[in-house]
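The values are calculated or read from the model by the stated rules, or taken from the named source; none is laboratory data. Remember, predicted model here, so these are calculated numbers, not experimental data. Quick reminder, even Gly has a Cβ in these numbers, built from the backbone with ideal geometry, and neighbours come from all protein chains shown. Side chains are part of the model used for accessible areas, which takes the heavy atoms of the whole protein and leaves out ligands, DNA and RNA. Shrake-Rupley method; radii C 1.70, N 1.55, O 1.52, S 1.80 Å.
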Amino acid sequence: MVRRRSACSPLLMGGLVCLLFVASFGTALNAFGVGEQHQLQQQTLLIIRHGARWDYQHPEWLETAERRGDPPLSPLGILQARDTGVFLNQHFLPPHKNKQITWLSSPFLRCLQTSDEMLHQIHSSDHNIMIHPESSVWEIDLDGSDAPLCLPSLQERKCYFPRLNDTHTSLFIPPIPEHKSEFLERCDRAMDAMNKRYEYVPQTAIVIVTHAAGCLGLARAAAGLSDISQVNAAGPCGIYRLTRSSQTDQWTMDHWSEEDGMNGYSSHLSSHHHSTAPWHHMGPNGEYTGPPIPTPDQP
């Protein structure tokens, strides 16, 4: 007796394969759609430190400078600002992702220069992005030098930075002198006021160019963190990216331990210099206050 081989016909097998492919593709497409829809609902906040400053590489400049507290960028700092602009244009601020970009900057020269160099690299659909000089995010008064008092008028600044909106009204003017213990409270106040003035709008971005201490304090306040040690040290042109998907005062930021996370990200830079290192020294006597630093025995 000859037994017949039990097998599905080629036509039936082909149909089953097609059904499985369509089902898996549909699941993947739905997942992609959900992720894409979530991104479309996001508002982005980018907090960025200025580039390397002139006096850190050329300390002799301070001996004759009339505005010692307002140094310009060094050539390295200009390069870092351009690198950052290119990076932002490619990943976070392309015209198809953001309908509107609000650009805030500390009125110090190094921050305005950083903003201007970055904006030259950003090809937004809005070609008239203005730099809004925001005093609430200016430099911490570490040594009681009253540096903000040496700044020139915004009208003078505009002569060299045509993008500057010299009619912008800051959220508030921080008191001078300012003790270090008052600085984090100032950052809390600034983010609270910022959330009220710049409400949630999907597919928009807010950029803040500030100083090292400002990056730490503003990122901590925006993310609702209780401890500043959860924010990575701020290197030159370091980027802190936060997002929100609704009208909330608390933004989401990567954990400090996430590899290549946007919590003080600086891998986009082509050049560094030891004279301007990442900064996280908010202790009473300038002690390091950042996340744990791995020892040589740790990965």
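Here are a few things to note about the model shown:
- Entry comment: accessible area of region 128-180 is 51 Å² per residue, from protein heavy atoms only and a probe of 1.4 Å.
- Highest to lowest packing among 277-288, 111-122, 231-242, scored as the average C-beta count within 10 Å: 231-242, 111-122, 277-288
- Apolar share of the accessible surface for region 184-294: 48 percent from carbon plus sulfur atoms, 1.4 Å probe.
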